[in-house]
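> One structure, as C-alpha cells, below. Some questions next.
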C-alpha cells in the first residue's frame, strides 16, 4: 500500500513537473506570438511605405516622360523653325542686314557720345557774375565774398540809392516851389495875403504842391516795386 502511494506521488510529481514545463512553453509561445504580431505590424508599415513610394515614383516617372515628350516636341519645332529661317533668308540679305545693324549701332554710339558731351556741357555751373560792376568801387575785393553776402550788399546799396533819389526829388520840388514863390511875392496885391494866393487854383504855389505830390507818389511806387522784388 505504501509502495502504491509512493508510486502515485512520484507520478503526481512528474505530472506537476510536466504541467510546469508546459506552462513555461505556453508563456514562451505567447511571447513569441506577441513578438510576431509586432513584427507583422512593422512589416505592414514597411509594405505600406513601399507602396506609397512606388506610387510616387510612378507619378514622377509619368511626369518625367510627359516633360521629356514636350521637350522633344519643342526641340523638333525649334529645329524646324531654324531650318525654315535659314532657307527663307538668303545669305546676301542676311549679310546686308548684319551690316546695316552694325552701322546703326555705330551711329547710335556716336549719338550717345554726343548726348553725353551735351549733358556734361549743360551740367556745368554758370560763371560767377561780375559783382564789381554792380557795386560801388570801394576798394574791396568782392571775389572773396559769398554770393549771399554780395546780394545783401547790393540790396543795401539799392536802398541807399533809392533814399538818395527820393531826397533829390524832394530837394528839387522845394527848389521849384521857391522859384515859383519869388515872382509871386513881388507881384502880390496889397489887399490879398499869401494864404489866399496859395489856395487859388492855377497859381505857381499850387503847381509846386502838385509837383511835390506827384514826386511822392512816384517815390512810393518805386519803393513798393523794390520791396516786391526783394520778396
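> Using a 10 Å cut-off around each Cβ, can you sort 10, 153 from fewest to most neighbouring Cβ atoms? Intermediate values should be presented prior to the final figure.
Working: 10 10, 153 18.
Lowest count first: 10, 153.
> Counting other C-beta atoms within 10 Å, which of 41, 172 has the fewest, and how do the rest follow?
Final ranking by Cβ density, sparse to dense: 41, 172.
> Using a Förster distance of 45 angstrom, determine the FRET efficiency expected from the C-beta separation of residue 77 and residue 45, and round it to 0.05. Before the final figure, lay out each step's value.
Details: r = 48 Å, r/R0 = 1.06.
E(calc), rounded to 0.05, equals 0.40.
> Along the Cα→Cβ direction, 7 angstrom out, place labels at residue 116 and residue 69. What is the inter-label distance in nm?
Between residue 116 and residue 69, the label points sit 5.5 nm apart.
> Can you give me the distance in nm between label points at residue 4 and residue 96, each placed 7 Å from the Cα along the Cα-to-Cβ direction?
Going by the 7 Å Cα→Cβ label model, 13.8 nm.
Values in this text are rule-based calculations from the coordinates and carry no lab data. Because the structure is a prediction, the values reported are computed rather than measured. Cβ atoms come from the backbone with ideal geometry, glycine included; neighbour counts cover every protein chain shown.
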